[in-house]
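Inspection log for the structure reproduced underneath, given as structure tokens.
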Amino acid sequence: MIKILTFINLFILSISWGQTVTLKFHRVFPNLRDSMNYVKFEINNQKFGEKDSVIKLQINKYGLDKCKAIIAHDTLNFLTKFIENELYEIEQGCCCAAFIFKAHKNPRRGTITFRNRTKADLGLIIAEANIDTVKAKTNKTTFASESAMCYFKPCSILITKTEYMSPKYDYNSDNRDYETLWKEQEKLILASTWFHFLHGEKIEVFYSSKHHKLKIKLKGYLQKHEYKNN
């Protein structure tokens, strides 16, 4: 009986994780001593770093791929969705990103649809700069835009109380105690997560007010005409 169960588990794993992609590192600044050496990655429990140059990566056939970037003493967890047999590239980041992670062919950002099923209006902040109020019992779809130099860094998604967007937290080059203000603002975040766009994914985000967590579902991909209109 134990042997049968073991075989079934191995069979299920082979179906879910049998597909692979190729991942390639680029030294954008080859003369910079530490370049990408201080960034390590773990994707679907497979650990690697810049010194690996080119690797084969197992991907999740049915669900989203779980990623972790260890940047010095910080860790960033994010979800993404690889496509079998594609080539992906990791490069040195710029001022606003430690690394850039993109598909070799037709890399695209995508859209986020937030379905607010609560009885309260909520704030939706995507990639820090895309800010909206989503009314109770309504949906909001936003293109996850990003600055040109950091177009393919992981995308932050925050659900907040609407007070989070109050002008009192805006920086105005005055003598206010901004450190205290921003700590106060952080307390208004209800839930957050990170998703990395590779192929123009359309994702839906659901917020659980009971558990203060976000759930992400992949709903498809932007068509060429849709992408151009965003």
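The values are calculated or read from the model by the stated rules, or taken from the named source; none is laboratory data. Being a predicted model, the structure only gives us computed values, none of them experimental. Positions of Cβ are backbone-derived with ideal geometry, glycine not excepted, and every protein chain shown enters the neighbour counts.
With respect to Y164, is the statement that it is of a type in the set (F, W, Y), touching a Leu at 6+ places or on another chain (Cβ under 8 Å), buried (at least 16 other Cβ atoms within 10 Å of the Cβ) and under 22 Å from S192 (Cβ atoms) true?
Working: of a type in the set (F, W, Y): yes; touching a Leu at 6+ places or on another chain (Cβ under 8 Å): yes; buried (at least 16 other Cβ atoms within 10 Å of the Cβ): yes; under 22 Å from S192 (Cβ atoms): yes.
Yes, satisfied.
How many residues does segment 186-230 hold that are of a type in the set (G, A, S) and without any contact (Cβ under 8 Å) to a residue 40 or more places away in the chain?
Initial filter on segment 186-230 (of a type in the set (G, A, S)): 191-192, 200, 208-209, 220.
Then drop every residue that is not without any contact (Cβ under 8 Å) to a residue 40 or more places away in the chain, which leaves 191-192, 208, 220.
Qualifying residue count for the region: 4.
Given A69, A127, which one is surrounded by 14 or more Cβ atoms within 10 Å (Cβ to Cβ), among the aliphatic types (A, V, I, L, M), modelled with pLDDT under 95 and not assigned by TED's automatic domain parsing to the domain that holds Q19? Let's see the steps before the verdict.
Values: A69 fails: not assigned by TED's automatic domain parsing to the domain that holds Q19.
None of the other options fit; the residue is A127.
Among the numbered criteria (1) in contact with a Ser or Thr (Cβ under 9 Å, 6 or more places away or on another chain); (2) small (G, A, S); (3) surrounded by 12 or more Cβ atoms within 10 Å (Cβ to Cβ); (4) closer than 24 Å to K119 by Cβ, which single criterion is violated by A136?
Going through (1) in contact with a Ser or Thr (Cβ under 9 Å, 6 or more places away or on another chain); (2) small (G, A, S); (3) surrounded by 12 or more Cβ atoms within 10 Å (Cβ to Cβ); (4) closer than 24 Å to K119 by Cβ one by one, A136 breaks only (3).
Tell me, yes or no, whether segment 208-221 has at least one residue that is touching a Lys or Arg at 6+ places or on another chain (Cβ under 7 Å), part of a loop (DSSP other than H, G, I, E, B), in the same structural domain as S156 (by TED's automatic domain parsing) and within 24 Å of I100 (Cα to Cα).
no
Hey, can you tell me all the residues within segment 139-161 that are surrounded by fewer than 14 Cβ atoms within 10 Å (Cβ to Cβ) and β-branched (V, I, T)? So that I can check it myself, show each step before the final result.
From segment 139-161, those surrounded by fewer than 14 Cβ atoms within 10 Å (Cβ to Cβ) are 139, 141, 148-149; that's our starting set.
Hit for segment 139-161 is T141, nothing else.
Out of S145, S192, which single residue is outside any loop (DSSP other than H, G, I, E, B) and closer than 30 Å to F25 by Cα?
Values: S145 fails: outside any loop (DSSP other than H, G, I, E, B).
Exactly one of S145, S192 is outside any loop (DSSP other than H, G, I, E, B) and closer than 30 Å to F25 by Cα, namely S192.
Just for segment 46-66: of the residues that are over 19 Å from the mean Cα position of the chain (by Cα) and among the aliphatic types (A, V, I, L, M), which one is surrounded by the fewest Cβ atoms within 10 Å (Cβ to Cβ)?
So the residue we want is V54.
If you go through segment 178-185 one residue at a time, do you hit one that is touching a strand residue (DSSP E or B) at 6+ places or on another chain (Cβ under 9 Å) and surrounded by 12 or more Cβ atoms within 10 Å (Cβ to Cβ)? Break it down stepwise before answering.
Filtering segment 178-185 for residues touching a strand residue (DSSP E or B) at 6+ places or on another chain (Cβ under 9 Å) gives 185.
Pick out the ones that are also surrounded by 12 or more Cβ atoms within 10 Å (Cβ to Cβ) and you get 185.
Scanning segment 178-185 turns up at least one residue that is touching a strand residue (DSSP E or B) at 6+ places or on another chain (Cβ under 9 Å) and surrounded by 12 or more Cβ atoms within 10 Å (Cβ to Cβ).
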